[in-house]
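Below: one structure, written as structure tokens.
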Number of protein chains: 2
Amino acid sequence: MVNKEFIEQLDEKYGIKFHKIELLEEAFTHSSYANEHPEGSRDYEKLEFLGDAVLELAISDYLYRHYPKLNEGELTRMRSNIVRTEGFSEFAIECGFQDQINLGKGEEKAGSRNRKTLLEDVFEAFNGALFLDQGLPAVQKFLHLTVYPLIDRGEFDDSRDYKTDLQEFLQQNGPVEIEYNTISESQLPSHFVVELKVNGKLQSHGEGHNKKSAEQQAAKAALAELE
Amino acid sequence: MVNKEFIEQLDEKYGIKFHKIELLEEAFTHSSYANEHPEGSRDYEKLEFLGDAVLELAISDYLYRHYPKLNEGELTRMRSNIVRTEGFSEFAIECGFQDQINLGKGEEKAGSRNRKTLLEDVFEAFNGALFLDQGLPAVQKFLHLTVYPLIDRGEFDDSRDYKTDLQEFLQQNGPVEIEYNTISESQLPSHFVVELKVNGKLQSHGEGHNKKSAEQQAAKAALAELE
């Protein structure tokens with residue numbers, strides 16, 4: 001069951017107060033739990049169906065308004081990077097959803113609470129529930145505090161492969177040793193810091209929600225300085 | 001250019017008055033026209049990007065609310081039947097969008113005004129423009145007058161193949177002659193009426209936005225009577 005502290009935290013951190021608390025309960029109920037508690041428990045699958053479309057529109061709208069210079073192809077690629085990403089599971093953790101999931105006994109034993117796809121589903125279902133409870137503007141407000149800042153940091157922008165570009169740039173006049181080292185790594189929320197060394201000398205740093213993204217950011221910073 | 005009669009008709013038929021008429025103009029402007037008129041013409045591609053997500057959410061929301069008995073898998077299949085369908089092009093024609101499209105000379109000559117994919121794109125772009133101009137509720141109101149009635153008539157429900165089921169039912173005791181004849185067919189809007197004869201005797205009728213759908217409806221009606 002969704003606990004009181006979590007409900008308070010949702011209000012404090014995100015300004016969200018559910019009118020229909022049963023929608024929040026449903027968003028956090030896995031089918032394995034609903035099967036074990038058939039007296040009225042509904043699982044999150046239908047909210048996930050809705051939440052998937054809610055996130056798709058909210059993110060499309062944000063990209064359309066905030067990236068006026070991107071063309072339709074670039075917008076579509078960026079949208080699919082965001083929607084397809086495993087990042088949603090990290091937001092679910094960051095928002096404290098993980099501890100609220102109602103799981104059946106078998107799934108709990110199997111460690112499903114840490115499964116990325118399940119956490120992603122719960123994030124989608126939460127957004128579906130919020131949409132039903134308070135409409136699209138409430139979802140957009142929530143995403144302004146969670147997903148959108150990462151978009152603006154360029155974490156989903158793979159239109160340019162900075163690592164490859166840096167390598168090609170540096171090796172114009174012969175081989176160069178390029179090294180990426182993870183110097184900090186945390187899981188809740190997922191955050192990586194990477195340093196980039198060129199021929200053993202520190203060149204730049206990069207941060208990201210995963211290692212790949214942090215390395216891209218480090219390469220981007222190096223290119224900005226060197227090019 | 002979007003003409004005055006069309007703007008009046010949009011208001012009369014659907015109660016839609018655009019605040020920003022330039023969004024409506026953009027929704028109807030093909031890239032071939034924008035290329036020929038670079039002084040300020042914007043093509044519809046970015047509105048189509050947005051409209052695609054707008055339709056996905058509006059339709060998901062409608063299905064979620066109006067089909068409480070469907071499970072998540074059935075909802076997903078029905079949504080993809082609707083969104084994937086070429087039916088959007090027929091709505092574009094029905095709503096009078098076809099004559100408003102700004103096309104380049106070459107595309108006009110090539111007959112692109114009748115191309116289904118282009119008409120679909122324009123329908124999506126129109127919904128993107130309406131969303132930007134007036135928000136999701138305005139889109140939902142418009143779809144209540146266009147797309148949703150077809151959903152409720154079961155035109156996108158392919159969870160059951162009625163034609164095959166009817167054939168199997170009728171041929172339990174040996175071969176039977178089943179015949180579908182199109183008895184009425186119109187294009188603006190697209191509407192088909194089909195009669196179903198069993199061993200030469202009239203059994204039922206079916207209507208639909210295409211021949212396949214009308215035949216399915218006729219088979220469904222026959223099964224309802226015979227089973």
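The values are calculated or read from the model by the stated rules, or taken from the named source; none is laboratory data. Keep in mind the model is a prediction, meaning the values are calculated, not measured. In this analysis, Cβ positions are derived from the backbone assuming ideal geometry, glycine residues included, and neighbour counts consider all displayed protein chains. Remember, those area values only see protein heavy atoms, side chains included, never the ligands or the DNA or RNA. Shrake-Rupley method; radii C 1.70, N 1.55, O 1.52, S 1.80 Å.
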Item checked: Axis-nearest residue of A (beta carbon) for the A-onto-B rotation, whole Å -> A:L57, 2
Next item on the list: Tell me the distances, shortest first, between A:K13 and the same position across the other copies, using label points 7 Å along Cα→Cβ, in nm to one decimal.
Entry: 4.9
Notebook entry, point to check: Within segment A:38-112, which GluC sites (Glu not before Pro) sit in a loop by DSSP and count at most 12 neighbouring Cβ atoms inside 10 Å?
Noted result: A:E39
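Charges at C-beta only: +1 for Lys and Arg, -1 for Asp and Glu. How large is the resulting dipole of the protein assembly as shown about its Cα centre, in Debye rounded to 20? Write down the numbers at each step before the final one.
On the way: 50 positive and 84 negative charges, 5 e Å.
Using Cβ point charges on Lys, Arg, Asp and Glu, the protein assembly as shown gives about 20 debye.
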Margin query: Could you report chain B's accessible area per residue, 1.4 Å probe, as an integer in Å²?
Written below: 48 Å²
Next item on the list: Let me know the whole percent of all Cα-Cα pairs from segment A:40-113 that are separated by more than 18 Å.
Entry: 55 percent
Next item on the list: Among A:V194, A:F142, A:A125, pick out the residue whose Cα is farthest towards the positive end of the charge dipole of chain A, where Lys and Arg carry +1 and Asp and Glu carry -1 on C-beta, about the Cα centre.
Entry: A:V194
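Counting pairs of Cα atoms in segment B:112-227, how many percent are more than 23 Å apart? Each step should come with its number before you reach the end.
Numbers: 2951 of 6670 pairs.
Percentage above 23 Å: 44.
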Notebook entry, point to check: How big is the B/A interface in buried accessible area, both sides summed, 1.4 Å probe, to the nearest 100 Å²?
Noted result: 2400 Å²
Next item on the list: Kindly identify residues of segment B:123-157 having a loss of at least 10 Å² in accessible area between the isolated chain and the assembly of all protein chains, probe radius 1.4 Å.
Entry: B:F131, B:L132, B:L136
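So, with +1 on the Cβ of K and R and -1 on the Cβ of D and E, and no other charges, what is the size of the charge dipole of segment B:4-152 about its Cα centre, to the nearest 20 debye? Walk me through the numbers before you get to the answer.
Numbers: 17 positive and 28 negative charges, 73 e Å.
It comes to approximately 360 debye.
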Check: So what's the Cα pair-distance distribution over segment B:134-180, bin width 5 Å, in %?
Finding: 5, 16, 16, 12, 11, 10, 9, 7, 6, 4, 2, 1
Notebook entry, point to check: Roughly what would the spin-label model give for A:I7 and A:R115, points 7 Å off Cα along C-beta, in nm?
Noted result: 2.9 nm
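Using DSSP to define loop residues, name the trypsin sites (Lys or Arg not before Pro) in segment A:64-151 whose beta-carbon has at most 10 other beta-carbon atoms within 10 Å. Show your work: numbers first, answer last.
On the way: sites: A:R65, A:K69, A:R77, A:R79, A:R84, A:K105, A:K109, A:R113, A:R115, A:K116, A:K141; in loops: A:K69, A:R115.
Hits after loop and neighbour filter: A:K69.
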Notebook entry, point to check: Relative to the other copies, what are the label-point distances for B:T117, with labels 7 Å from Cα along the C-beta vector, expressed in nm at one decimal and sorted shortest first?
Noted result: 3.2
Notebook entry, point to check: How far is helix A:45-66 tilted off the main Cα axis of chain A, in degrees rounded to 10, range 0 to 90?
Noted result: 40 degrees
Check: Of all accessible surface on the protein assembly as shown at a 1.4 Å probe, what whole percent is carbon and sulfur?
Finding: 47 percent
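Work out the count of Lys pairs in segment B:4-152 where the Cα-Cα distance is under 17 Å, with the pair 8 or more places apart or on different chains.
Total qualifying Lys-Lys pairs in segment B:4-152 comes to 6.
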Notebook entry, point to check: If one puts a single equal scatterer on every Cα of segment B:1-157 and applies the Debye formula without solvent, what log₁₀ I(q)/I(0) results at q = 0.18 Å⁻¹?
Noted result: -1.07
Margin query: Suppose you put the label 7 Å out from Cα in the Cβ direction; list, shortest first and in nm with one decimal, how far A:T164 is from each other copy's label.
Written below: 4.3
Next item on the list: Could you estimate the translational diffusion coefficient of the protein assembly as shown from the Stokes-Einstein equation, with Rh from the Kirkwood formula over C-alpha pairs, at 25 °C and 0.890 mPa s, in whole µm²/s?
Entry: 97 µm²/s
Margin query: Please report the net charge: other residues with Cβ closer than 10 Å to the Cβ of A:I16, K and R +1, D and E -1.
Written below: 0
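As a check on your grasp of the helix formula, calculate [θ] at 222 nm for the protein assembly as shown: sum -39500 (n - 2.57) over DSSP H runs of n ≥ 4, divide by the residue count, round to the nearest 500. Working shown, then result.
Values: 24 runs with 260 residues, N = 454.
When only DSSP H runs of four or more count, the value is -17500 deg cm²/dmol.
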Notebook entry, point to check: What is the Cα coordinate range of segment B:162-226 on the first, second and third principal axes, sorted by size from largest, in whole angstrom?
Noted result: 42, 19, 16
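Hey, with R₀ at 25 Å, roughly what FRET efficiency would B:H144 and B:R77 work out to, going by the Cβ-Cβ distance, to 0.05?
Details: r = 22 Å, r/R0 = 0.89.
According to the calculation, E is roughly 0.65.
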